[in-house]
Amino acid sequence: MASASATSNPSAPSALKELVEFNTNTQLPIKLNSSNYPAWHKQINSLLIARDLVDSVTGETPCPPQTIGAGASASPNPHFSLWIRQDKLLYLALFGSCDPEARSVMSPTDTSCDAWLALQRAFSNRSRSRAMSLKERLSSISKGTSSISCFMQSIRFIADELALIGHPLDDLDLVIHTLNGLGPSFREIVASVRTRNSPILF
């Protein structure tokens, strides 16, 4: 399944000379859900680029006509059949890389392009909302009564989630959020860290 199989049709256009199949278990291990659209998109877009199939899901390689010629001289277009087969393989790859909720989003669609757009509309906005929510949590996080270890683990957990959805924080951001959340009992330590000549790592 993972390897491409060449078709024997010499008249096929260059973009469709190979019928590409996918093994979703090995090639697409990240399954799309409500919180990981950026990571899923990067995974599948990289695979499409590697297989030279991005244009197929973006609609830039439209379906060719079903027949060649007109009237009595009309004949089946072999490029049409090849395009349909490749599109269904792409559709199955997208379907196999989704969780049940994402599958329900793409189920009403018929082509890989329509499915791609439906998933983008449904999940990209959720990722932005998720990123805003996580950043708000990080900006208001406080040590409170928890231990330093638990407090810093909480910050790291939020940072890891942000990185997963395409909004990574640099080390300076993490240090600033940590210092802001320590509270007045740590003001001397905070002051010494802020006035250091060399930066301190999270």
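Let me make sure I get this right: for the chain, a, b and c are the square roots of the gyration tensor eigenvalues over alpha carbons, sorted descending. Under 1.5 in a/c it's rounded, otherwise prolate if a/b > b/c, else oblate. Which is it? Intermediate results must be reported in sequence, preceding the final value.
Working: a/c = 3.93, a/b = 3.25, b/c = 1.21.
Taking the square roots of the gyration eigenvalues as a ≥ b ≥ c, the chain is prolate.
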Whole-Hz Karplus couplings 3J(HN,Hα) for region 185-202, θ = phi - 60° and coefficients 6.51, -1.76, 1.60, Gly and Pro as x, run 5, 10, 4, 5, 5, 4, 5, 5, 5, 5, 9, 4, 6, 10, x, 10, 7, 4
Label zone at residue 187, where the point sits 7 Å out along the Cα-to-Cβ direction: region 128-172 residues whose backbone N lies under 19 Å = 142-145
Extension gain from residue 42 to residue 70, taking 0.36 nm per residue of separation minus the Cα-Cα distance | 5.8 nm
When Lys and Arg each count +1 and Asp and Glu each count -1, what net charge do the other residues less than 15 Å away from residue 50, Cβ to Cβ, add up to?
-> -2
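Going from most exposed to least, what order do 121, 196 have by accessible area with a 1.4 Å probe? List each step's numbers first, then the result.
Working: 121 155, 196 115 Å².
My answer, sorted largest first, is 121, 196.
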Want the number for residue 33 to residue 147: 0.36 nm per residue separation, take away the alpha-carbon distance, what's left?
-> 37.8 nm
For residue 179 and residue 114, extending 7 Å from Cα along the Cα-Cβ vector and measuring point to point gives, in nm, a value of 5.5 nm
Amide H partners (placed H, <5 Å) of residue 98, local residues excluded | 32
Furthest towards positive pole of dipole, 168, 183, 132, structure part region 131-202, Cβ charges | 183
Computed E for residue 49/residue 202 - FRET, C-beta separation, R0 25 angstrom, nearest 0.05 = 0.15
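Remind me, relative contact order of the chain in percent, using alpha carbon pairs under 8 angstrom and six or more residues apart? Intermediate values should be presented prior to the final figure.
Values: 205 pairs, mean separation 39.2, N = 202.
For the chain, the relative contact order is 19 percent.
The values are calculated or read from the model by the stated rules, or taken from the named source; none is laboratory data. Computed from a prediction, not measured in an experiment: that's the story for all the values here. Glycine gets a Cβ as well: all are built from the backbone with ideal geometry, and neighbour counts include every protein chain shown. Accessible surface areas use protein heavy atoms only, side chains included; no ligands, DNA or RNA. Shrake-Rupley method; radii C 1.70, N 1.55, O 1.52, S 1.80 Å.
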